[in-house]
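All remarks here apply to the structure that follows.
The values are calculated or read from the model by the stated rules, or taken from the named source; none is laboratory data. Everything numeric in this text was worked out from a predicted model, so none of it was measured. Because the Cβ atoms are built from the backbone with ideal geometry, glycine has one as well, and the counts that use them run over all protein chains shown. When the accessible area is computed, the model is the full protein with side chains, heavy atoms only, and any ligands, DNA or RNA have been set aside. Shrake-Rupley method; radii C 1.70, N 1.55, O 1.52, S 1.80 Å.
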Amino acid sequence: MKTKLLHRLGPFMGLILFSVVLWVLHQELKAYHFHDIVQYLRDLPAHKLLTALTLTFLSYLVMTGYDMLAIKYIHHPLEYPKIALASFIGYAFSNNIGLSMIAGASVRYRLYSGWGLSAFDITRVVAFCTLTLWLGFFALGGLVFLLEPAAISKTIYLPFGSVRLLGILLLLVVAAYFSGTVFRKQPIKIREWEFALPSVRLFFAQTGIAIFDWALAASVLFALMAPGSSLSYPEFIAIYMMAQLAGLVSQVPGGLGVFEAAVLVLLSPHLSASKILGALIAYRSVYYLFPLVFAAVLLGTEEFLRKKEKARRFVRLFSRWVSGVSPHILSFSVFMGGAVLLLSGATPAVDLRLNWLNKFLSLPFLEISHFTGSLVGMGLLLLARGLQRRLDVAYVLTIVLLCLGILASIFKGLDYEEAIILLIILVAILPSRNHFYRKASLFSQGFNPGWIAAIIIVLVCSVWLGMFSYRHVEYSDSLWWRFTFSANAPRFLRATVGAVSIAVLFAIPRLFRPSPPKPVLPKQEDLVKLSTIVQQSRQTYANLALLGDKMCLFDQKKTSFIMYGIEGRSWVSMGDPVGPEEEWLDLIWRFREISDRYGGRTVFYEVGQESLHFYLDLGLTLIKLGEEARVFLDDFSLEGGNRKDLRYTRRKLEKEGCLFEIIPPVIIPSVLEHLKMISDAWLAQKNTHEKGFSLGFFDPEYLKRFPAGVVRKDGKIIAFANLWQGAEKDELSVDLMRYLPDAPHDIMEYLFIQSMLWGKAQGFKWFNLGMAPLSGLEDRGLAPLWNRLGSFVFRHGEDFYNFQGLRQYKEKFGPVWRPKYIACPGGMLLPRILANLAALISGGVKEIFAK
C-alpha cells in the first residue's frame, strides 16, 4: 500500500516542484517583457542555428555509441544500422520524457526484442546505457566542478562552500567503478540475475563517449547564447552540468522548467534574463523537439513506404516493431501539439501579421479562431491518452482537431509555424489507422497520476506564460469584454477559461463515476452465465472457469470472459479469453487497464500462438512455456506396429477384469462419495494436496457438470477421470484423473486409451493431453536466455520433475505438438511473476515447497 501511495504521489510532487520553479522564473524575469524574449529569437543569426543543428546531429550520433557498446558488452552480433535506429528513436523519445525513461527502456524493448534479443539481454542493454550516461555525467561534472568551481560558487550559496567537494565525490564514484572493472572478476548478483562488470577497455570507451556526448549537448546551448558574455566555455559547462543535475534529480519530464530556472539563476551575472530564456527556448526546440518530430515523421513515412514495392526490405526492418512503438510516439506528439496550441494562445500575436489579417478577416472570426485554438489544444491533451490506449474514436477525433487546429493557427494570427508542426503530426498519424482499433468509450479510459500531472503542468505553464506576457496590462473586470484586433490579453483570459472548462467538463463525469468493483469470485448467477459461454467454446480449458476459484471479467455483451487470479501484484489470466474472438481485443485491454488501476502486473498464462499479436500490442514479453499435445482422433487407433504397447496395455488390463464405462452427469451424484474416497486415497499415496487455478480439484458441484470415464474391476470403481467436451465436438480432454493405490500399474494409460476411443466413436476431432512443460525450447547460442535455461532444465532436471519422461509418455499416442506461452512484463520482474504464478497454482507460497 505504501509503495502504491508513493507511486501515485510521485507525479504530484513533481508538479509542486514545477510550480516552485515557475515562481523562481517569475522573480528572475519580473523586470523584462515577453517582447524582449521574442526579439532575441527573431534576431538569432542563421549561422548560430546551423551550428546548433550540426552539434545536435553530432550529439545524437555519439549517443548511438551507448547502444553500440552495450551490444558489444552482451556479445550480440546486431548490425550497426539497427543499433543506430534504436538509439535515435529511443533518445528522441526519452529525452522528452525524463529520468523515468532515461535509457528509453520501453522503446528499446520493442525494437530489440524484434531483432532477437531476450528480455534479460535488453535489461542489460538498458542498464549499460543508463550506467554510461551517468558515468559521463559524473566524470565531466566532477572535472568541471573541480577545475571551475567559481562559476557556480559565486552565483549561489552552497552550504559546503565550494563545488570542488561535489566534484571530488563525483570523481570518486568514477574511480570506484574503474576499480571494480580492474579488480572484481566475479559478476554482480541482483536476485536471480548476474551482471558482469565491463572490461577496462570498455570502461574507457564508455567514459570517453559519454563525456563527449555531454560536452556536445552543452555546446548546443553555448552556440545559441548571445555574444558579449565574459563566460568561458569551461565555466559554461560547469553551469550546464549543475543545471542538468537539478533537472535530472527533479524527475520532472525532461527537466522542463527546472533546468531552465537553474540556468537562468546561474547565468544571470553574465547575461540578461531575456537573452538567457530566448536561448533556452531555442535550445529546447533544436535539441529536444526537432529530433522528436523527426522520429514521428519517420514512423509516418514507414506507413507510406509499406505500400511501395521498392521498399519491401525497408518495411520488413520496421514492421516487427512499429505497431508497438508508433501509438506511444504519436500519442506524445499529439500531446505536444496540444501544448503548442495552448502556449500559443497565451502569447500575443505578431503585430505585423495581425494588421495584415485585419484587411481580410472580421473581428468575430479572429476571436472565434483564437478561442477554438485553445479548446483544440486542451482536446489534444486529453485525446493523447486515448491514442496511447489505441482507441479508434480518439484517432478520428484527433484528425478532426488537428485540422481545426491548423485552421485556427492561421486565422488567429498567421501562426504558420505552429500550423506546420500540427500538419507534420497530422501527416504522421493519417496512415497509422490500423494501429488504433479498440472500440471502447473515450470516457472509460483511466488517467494515471502521471498523465494528470502532465496536463496540469501544461495548463499551469500556459497561465504563467500569459500572465508574464501581459504583466504590463492592468487588470479590470471590463477586460473580459474587450473585443478589438489588438486586445490580446482579453483573448488570453477567455481562451484560458475555455480550456479549463473543457478539462473540468471532461473530469466531472469521471469524478462522479463509481469506482470499479473490487475483484470477487463468481457467484452462482455468474457461474450460470459462465456455463453458457463455456458450452459454446471449442477449447476445453474454458471449463476451468466453472471451478469457481478464479475471478472473471465479462465483456459488455456478456458473451466472452477472462478468468484470472491475483497473487501479490500479478494479475494472471488463465489462457486466452473465452468466447467469440472479435470480443477478445477490448476484453484484453480492459483486463490490462483494471490491473493497472490496482497497481498490478498483467500476465496471460498458457496462451496460444494464434493470439500472440494481442499481447505484443500490450507491450508484454512472450516466453515459451512448453508444448501442448493434441491427438487427432480420426488417425488414432490401436492398429500398427507403433501402437503395440497401447494394445498390450489394453489387453492386459481387460484380462485382469478391468472395464471402461462413461457415467453421464445425471448419474454422477450417486457415485460422488465413492469418487471422493478414490481421490483422497490418491492424494494420500502421492503425499500431495489439491492444486488450483490451471488444474482442477475435487469439488462435488464442479464434478456434477461433466461425464466421467471410470474403470471398474469386479464391479467396483477403481479409477476415474472427468471429461471436458468442447463445442461442436472439436476437442475432448480429461481434467482430474485419480485411482486407488492398489489399481493396476498402467491404469492411467488405459483410461487415456479408452477415453480417446470413446471420443473418436462420438465424433470428436481432437483429444487434448495437456502440456509438457519446457518442451520444445531451443538450446542455441543466439536463443534467448529463458529458452537456453529451460532447455537445460528439461534435459537435466529429472530430479525435480519428470520433464522428458512426461514428453515421452505423451509421445506414444502420436500427438500434434503446439507451443504455449506466457505473456508478461519482462526483465527483472520475470522471476517474481513466475513465483507468484507458482503460488497461485499451489494455493499459497508455503505450498510451493510442499509436494
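Residues that are buried (at least 20 other Cβ atoms within 10 Å of the Cβ) and modelled with pLDDT under 85 were ranked within the stretch 211-228; the one that is farthest from the chain's Cα centre (by Cα) is M225. Beta carbons closer than 8 Å, at least 6 apart along the sequence or on distinct chains, pair a first residue in the stretch 157-178 that is at pLDDT below 85 with a second that is outside any helix (DSSP H, G or I) for S162/P149; V163/P149; R164/P149; L166/F160; G167/P149.
Restricting attention to the stretch 486-495, the residues being more than 14 Å from S462 (Cα to Cα) and touching a helix residue (DSSP H, G or I) at 6+ places or on another chain (Cβ under 6 Å) number 1.
For the stretch 644-659, a residue qualifies if it is in contact (Cβ under 8 Å) with a residue 24 or more places away in the chain and not in a loop (DSSP other than H, G, I, E, B), and the qualifying residues are D645, L646, T649, R650, K652, L653, C658, L659. Checked against the criterion of being open to solvent by less than 20 Å² (accessible area, probe 1.4 Å) and not acidic (D, E), the candidates L343, L363, L380 yield just one match: L380.
Listed by position, the helices (runs of 4 or more DSSP H) contained in the stretch 324-443 that have at least 1 residues being at pLDDT 85 or above and closer than 30 Å to D586 by Cβ are 363-388, 392-411, 416-429.
Based on this model, can you work out whether W724 counts as within 25 Å of M756 (Cβ to Cβ), aromatic (F, W, Y) and in contact (Cβ under 8 Å) with a residue 60 or more places away in the chain? Break it down into steps so the answer makes sense when it comes.
Details: within 25 Å of M756 (Cβ to Cβ): yes; aromatic (F, W, Y): yes; in contact (Cβ under 8 Å) with a residue 60 or more places away in the chain: yes.
So W724 passes the test.
When K189 is tested against (1) in contact with a strand residue (DSSP E or B) (Cβ under 9 Å, 6 or more places away or on another chain); (2) open to solvent by 50 Å² or more (accessible area, probe 1.4 Å); (3) modelled with pLDDT of 75 or more, only condition (3) is not met.
Restricted to the stretch 819-851, and to residues there that are modelled with pLDDT of 80 or more and of a type in the set (K, R), the residue that is surrounded by the fewest Cβ atoms within 10 Å (Cβ to Cβ) is R832.
Name the single residue, out of those in the stretch 611-623 being outside any strand (DSSP E or B) and within 13 Å of the chain's Cα centre (by Cα), that is surrounded by the fewest Cβ atoms within 10 Å (Cβ to Cβ). Going through the qualifying residues, I end up with L618. In the stretch 444-465, the condition of being at pLDDT 75 or above, open to solvent by less than 70 Å² (accessible area, probe 1.4 Å), under 30 Å from L361 (Cβ atoms) and among the polar types (S, T, N, Q) is met by at least one residue.
Counting only strands (runs of 3 or more DSSP E) wholly contained in the stretch 517-610, the ones carrying 1 or more residues that are surrounded by 23 or more Cβ atoms within 10 Å (Cβ to Cβ) occupy 561-567, 570-574, 601-608. Of the residues making up the stretch 582-621, those that are in contact (Cβ under 8 Å) with a residue 40 or more places away in the chain and among the charged types (D, E, K, R) are D586, R590, E593, D596, R597, R601, E606, D617.
Candidates are the residues of the stretch 728-752 that are closer than 22 Å to E811 by Cβ and hydrophobic (A, V, I, L, M, F, W, C); the one that is farthest from the chain's Cα centre (by Cα) is I747. Screening V497 with (1) under 25 Å from F411 (Cβ atoms); (2) in a loop (DSSP other than H, G, I, E, B) gives one miss only, at (2). Checking each residue in the stretch 660-690 for being open to solvent by less than 70 Å² (accessible area, probe 1.4 Å), aliphatic (A, V, I, L, M) and assigned to a helix (DSSP H, G or I) picks out I668, V671, L672, L675, I678, A681, L683.
Determine whether F693 is in a loop (DSSP other than H, G, I, E, B), within 30 Å of V572 (Cβ to Cβ) and modelled with pLDDT of 90 or more. For F693, the condition - in a loop (DSSP other than H, G, I, E, B), within 30 Å of V572 (Cβ to Cβ) and modelled with pLDDT of 90 or more - is not met. Residues that are assigned to a helix (DSSP H, G or I) and closer than 21 Å to L366 by Cα were ranked within the stretch 466-484; the one that is most open to solvent (accessible area, probe 1.4 Å) is W481.
Tell me whether the stretch 699-712 contains one or more residues that are assigned to a loop (DSSP other than H, G, I, E, B), under 22 Å from Q524 (Cβ atoms) and open to solvent by 60 Å² or more (accessible area, probe 1.4 Å). Checking the stretch 699-712: at least one residue is assigned to a loop (DSSP other than H, G, I, E, B), under 22 Å from Q524 (Cβ atoms) and open to solvent by 60 Å² or more (accessible area, probe 1.4 Å).
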